[in-house]
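Peer 1: Sharing a structure below in structure tokens format, with a few things to ask.
The values are calculated or read from the model by the stated rules, or taken from the named source; none is laboratory data. Please read these numbers as outputs of a predicted model, since none were measured by experiment. No Cβ is skipped: glycine too gets one built from the backbone with ideal geometry, and neighbour counts run over all protein chains shown.
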Amino acid sequence: MEGVVDDLMRDTLTRLPGIDWCVSEFIRITQTILPPRQFYRMLPELRSGAMTPSGVPVRAQLLGSDSYLLAENAKRLAELGAPVIDLNFGCPAPTVNRHRGGAILLQEPALLYEIVSAVRAAVPDEIPVTAKMRLGYEDKTLAIDCAQALVAGGAASLVVHARTKIEGYRPPAHWQWIAKVAESVPVPVMANGEIWSVADYQRCREESGQASVMLGRGLLARPSLAAEIQAYCRGEAMPESGWRHTLPILEDFFHRAAMRGAGFALSRLKQWLAMLGRDNPEAKAFCLIVRQLKDPALVMPCFEEEKQKWQL
């Protein structure tokens, strides 16, 4: 999720319980072997054992179509301490696809095999190579071929987003297709797509047959979701959630973002509030207030007023 799950957001979300590991924004590989400074900029956790401040592992994600360059950049990432190399074959963004990155490569299973094979050969055996895919580009006819090509190339596990590129993020997600993919490969498969609640997780698990899921937009809309899913799986009481729980997290996020610039902090706050407002009327109402602000200095009085309203 380019421009959203940077190290600041990864730090914020992994301070909450429920997340086993996370993935960097994709690092786009086009024409060169990137210098270490660019990897450190995208993945500063490399300087601290490839973990967020709360100790959650971060996997390095690459995106591109040149097998040689992807392999050489993966090798450099491994030398810098990346514990896992993840390859993105799921991004549906038109700009990315036009430059032969992401989901457009799902039209070429042979190229998927070539890329994964090259990356697998370039990094030490103890560093897993994993991949994320969609069910296809225009349709699902190559879904099984793509999954099998990735695994034959050396992918140790797959995350499958249960829609094609053309379907984008429009409901529904075709979780039953993840079951078909999982039956066709001998590696772990994780389900992804349209999981906004524990009820969604339950349905996804039933249809896909997979207990493990990767959360994206659902976690941004409901930061407690990972912890809620884990509690459900363990038969435990649900953790605290809702606006009273989210508001302090959001305020802390804004404070830490402000250390990188007031304008940056206001922009990121508006971005996250728009996602939080999807199913949360209180967040939506607060978003309507904040999105009118042009001066970052006016944000904190809004937070104070909101906290007083909720007696926080």
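Peer 1: Counting just the residues of the stretch 197-223 that are in contact with an Asp or Glu (Cβ under 7 Å, 6 or more places away or on another chain) and not charged (D, E, K, R), which one comes out farthest from residue 183 (Cα to Cα)?
Peer 2: Here the answer is 221.
Peer 1: With respect to the numbered conditions (1) surrounded by fewer than 19 Cβ atoms within 10 Å (Cβ to Cβ); (2) basic (Lys, Arg); (3) in the same structural domain as residue 17 (by TED's automatic domain parsing), which one is the sole condition not fulfilled by residue 270?
Peer 2: Answer for residue 270: the failing condition is (3).
Peer 1: Additional query: Taking the stretch 2-16 only, how many residues are on the phi < 0 side of the Ramachandran plot and at pLDDT below 95?
Peer 2: So the count comes out to 3.
Peer 1: Output the helices (runs of 4 or more DSSP H) that fall wholly within the stretch 26-121 and possess 3 or more residues being at pLDDT 95 or above, or say none.
Peer 2: Output list reads 36-42, 67-79.
Peer 1: Need the failing condition index for residue 260 against (1) within 25 Å of the chain's Cα centre (by Cα); (2) closer than 27 Å to residue 201 by Cβ, just the number.
Peer 2: (2)
Peer 1: Does residue 201 satisfy being of a type in the set (Phe, Trp, Tyr), under 21 Å from residue 107 (Cα atoms) and either assigned to a loop (DSSP other than H, G, I, E, B) or assigned by TED's automatic domain parsing to the domain that holds residue 85 (or both)?
Peer 2: Against the criterion (of a type in the set (Phe, Trp, Tyr), under 21 Å from residue 107 (Cα atoms) and either assigned to a loop (DSSP other than H, G, I, E, B) or assigned by TED's automatic domain parsing to the domain that holds residue 85 (or both)), residue 201 does not qualify.
Peer 1: Quick check on my filter: what residues within the stretch 79-133 are aromatic (Phe, Trp, Tyr) and surrounded by fewer than 24 Cβ atoms within 10 Å (Cβ to Cβ)?
Peer 2: Result: 113, single match.
Peer 1: Counting only residues that are among the small types (Gly, Ala, Ser) and touching a helix residue (DSSP H, G or I) at 6+ places or on another chain (Cβ under 6 Å), which one in the stretch 276-303 is surrounded by the most Cβ atoms within 10 Å (Cβ to Cβ)?
Peer 2: Applying the filter and picking the extreme gives 283.
Peer 1: So, one more: For the stretch 117-137, which positions are in contact (Cβ under 8 Å) with a residue 24 or more places away in the chain and farther than 10 Å from residue 85 by Cβ?
Peer 2: Selection gives 117, 118, 121, 124, 132, 133, 134, 135, 136, 137.
Peer 1: If you check 237, 211, which single one turns out to be under 20 Å from the mean Cα position of the chain (by Cα), surrounded by fewer than 20 Cβ atoms within 10 Å (Cβ to Cβ) and part of a loop (DSSP other than H, G, I, E, B)?
Peer 2: Checking each option against the conditions leaves just 211.
Peer 1: Can you go through 63, 43 and tell me which one is touching a helix residue (DSSP H, G or I) at 6+ places or on another chain (Cβ under 7 Å) and surrounded by 13 or more Cβ atoms within 10 Å (Cβ to Cβ)?
Peer 2: 63
Peer 1: Kindly indicate whether residue 156 is small (Gly, Ala, Ser) and over 27 Å from residue 52 (Cα atoms).
Peer 2: Considered against the rule, which asks whether it is small (Gly, Ala, Ser) and over 27 Å from residue 52 (Cα atoms), residue 156 comes out as no.
Peer 1: Among the listed residues 221, 191, which satisfies the condition of being modelled with pLDDT of 95 or more and under 27 Å from residue 142 (Cβ atoms)?
Peer 2: Going through 221, 191 in turn, just one is modelled with pLDDT of 95 or more and under 27 Å from residue 142 (Cβ atoms): 191.
Peer 1: Restricting the search to the stretch 153-198, which residues are touching a Pro at 6+ places or on another chain (Cβ under 8 Å), without any contact (Cβ under 8 Å) to a residue 40 or more places away in the chain and either basic (Lys, Arg) or part of a strand (DSSP E or B) (or both)?
Peer 2: 158
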